[in-house]
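Input: a single structure, listed below in structure tokens.
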Amino acid sequence: MNLFITKSPTAALEDSHDPQRQLKRNLTAWDLSVMGVSVAVGAGIFSVGAQATSEYAGPSVIISFILAAIVCGLAIMNYAEMASTIPVAGSAYTFSYISLGEIVAWIIGWDLILEMLMAGAVISKYWGIYLQQFLQFLNVDASLQTKAGALTIDWAPVLIVTLFTVLLVFGTRLTTRVNSIFTILKVSIVLFVVVVGAFFVKGSNFHPFFPPSQPIHSSAPALQQSLFSFLSGAAPTRYGMYGMLAAAALVFFAFIGFDVVATAAEETKDPQRNLPRGILGGLAIVSVLYISVIIVVTGMVSYRDMARVVDESNGKVSASLALAFKMVGANWAGIVITLGIVIGLTSVIMVLLLGVTRVVFTMSRDGLLPRGLSKTSRWNTPARLQILMSALIALLAATTDVGVLSEMINIGTLSAFVLVSFAVPVLRRREPNLRRGFKVPLSPWLPIISGLACIWLMLNLAVETWLRFVVWLILGMIIYFTYSYRHSRVRRAQASGTSEEPASPEQ
């Protein structure tokens, strides 16, 4: 039983030319950059920086964001190399299949499904919540929920998911054009908020840049502690050097999402050139936006004052950019920021719907999931699969409390980052002659450092998140050994002595 059987790059590229399972290459570097910005800039840009400032790091949170951007940049460089080398759908799943073997690919594909399903449901849910808040700002009394017996259904997530599903069914290019409009609007709102907020910045609020460390008297249950704290028994602290590093772990998750862009590799024109430019260009734009926002929010109000307001509210008020504006008397900013969040989350949903479908599409094309799921429509999109995945996301968002599973997004993403980082030097050694549109410098050291940094971030996630993750992996292993192992096209090809299993007419 060879669980680490690999798929050849040639077979992966040949699969992308199957006329019944072929995607159309029509995306440019600009489309990919916009996709990256759209998935990484959502509600978090208006809240996570303020939270990290008041609760963890004080003004040194600026360094936290720079560190987070560097760690994310290291991981994304690995994606840029792999995607430009093997420009097919599937992202980390495909890269792992070719370099690390089938069992690793299955695990990472299963993790990506978890990440994007949860992210799609969570973001869709919050889109409806912020839409309700925006309507309240405008004094519009509209209910976005419906009672069905004991069940409460949020129909706003269903509405937005349905809209983008229709666009994605008719073509990725059309959807990216609509997405570009939303992305330009939300970036404009972010820049407007930064410019206006700059007029309230005071130099005194940046001092002390490294506040002295303080212990945190936490009453959180053991399962809600980070795995590192649980295993080491270390007492949690905030501010100082450790506070700054803890903030870096928190704000790192504001940058994730660029791995989703790599799922569109098979739909990219001239992928060796456009994929690295699009992925890295999007990360550069996002980094500038986040760092600009955090400089403004840190300079507008003292971190002590914001922390005091949050503590005195007994959880009713959260640290955010809107709170910073309110504290300086600019209450009107709440309307603008809420509108920015609604627009921001809109484009995030679109990219996640595309991403999860492309991962399942590729796993299906390889036979690890039912082959019928990977058939494409006359618009060269996996229409039936897109509708199925979108319906599942809409159902989760409309009928469940998805907030408790939001950290599952982070652990799924980081596990993919780890394996892609380690896959880069492995593929360099196995396939040194492959054409690479981009090469990670200082390999294998930078990829290894990237993987280790992501492992450290995973250790900062809660114990209960790790337990749920283990349960998800066990479920995935059951499916793999009862179905995927026996239906793997690569495994069947090896057994028959051919380079690739031919597709039968009925498949």
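Projecting the Cα atoms of S16, L67, T85 onto the charge dipole of the stretch 1-105 (Cβ charges, centred on the Cα centre) puts S16 farthest toward the positive pole. Each peptide in 389-396, 477-484 receives the mean, over its residues, of other Cβ atoms within 10 Å, and ordering these scores from highest gives 389-396, 477-484. Per residue, the chain reaches -21000 deg cm²/dmol at 222 nm when only DSSP H runs of four or more residues are counted, each adding -39500 (n - 2.57). Can you pull the Kirkwood radius for the stretch 263-413, inverse mean 1/r over Cα pairs, to one decimal in Å? Computed over Cα pairs of the stretch 263-413, the Kirkwood hydrodynamic radius comes out at 19.3 Å. Between the Cα long axis of helix 383-399 and the first principal axis of the chain there is an angle of about 30°, rounded to the nearest 10. Each Cα pair under 8 Å and six or more residues apart adds its sequence gap; the mean of these over the residue count of the chain is a relative contact order of 34 percent. With respect to the chain, whose longest principal axis is taken over its alpha-carbon atoms, helix 407-430 is tilted by about 50°.
In terms of packing, defined here as the mean over residues of other Cβ atoms within 10 angstrom, the peptides 437-443, 486-492 line up highest first as 486-492, 437-443.
Please compute the net charge surrounding R173, taking Lys and Arg as +1 and Asp and Glu as -1 over other residues with Cβ under 14 Å from its Cβ. That works out to +1. Between the beta carbons of R486 and S8, assuming R0 = 25 Å, the FRET efficiency works out to 0.75 to the nearest 0.05. Residue ranges 191-204, 114-127, 241-254 sort as 114-127, 241-254, 191-204 when ordered by packing (mean number of other C-beta atoms within 10 Å per residue, highest first). Can you give the percent of C-alpha pairs in the chain whose distance is more than 33 Å? Tail of the P(r) past 33 Å holds 38 percent of the pairs.
So what's the gap between the Cα centers of the stretch 361-383 and the stretch 1-46, to the nearest angstrom? When both Cα centres are located, 14 Å separates them.
Counting lysine pairs in the stretch 22-495 whose alpha carbons fall under 16 angstrom apart, excluding pairs fewer than 8 residues apart on the same chain, gives 4.
Dipole check for the chain: with +1 at the C-beta of Lys and Arg, -1 at the C-beta of Asp and Glu, and the Cα centre as origin, the magnitude is about 820 Debye. Sparse packing (at most 14 other Cβ atoms within 10 Å of the Cβ) combined with a DSSP loop state is found for the following trypsin sites (Lys or Arg not before Pro) in the stretch 297-368: K316. Distance between the C-alpha centers of the stretch 259-305 and the stretch 443-487? Whole Å please. Taking the Cα centre of each part, the stretch 259-305 and the stretch 443-487 sit 25 Å apart.
Relative to the longest principal Cα axis of the chain, at what angle does helix 463-479 sit, 0 to 90 degrees, rounded to 10? Here the helix axis deviates by roughly 10 degrees. Could you tell me the calculated FRET efficiency between T162 and Q22, based on Cβ-Cβ distance and R0 = 25 angstrom, to the nearest 0.05? Efficiency for this residue pair is about 0.45.
All of the numbers you see were taken from the coordinates with simple rules; none came from a lab. A quick note: this is a predicted structure, and the numbers were derived from the prediction, not measured. When we count neighbours, we look across all protein chains shown, and the Cβ atoms used for this are built from the backbone with ideal geometry, even at glycine.
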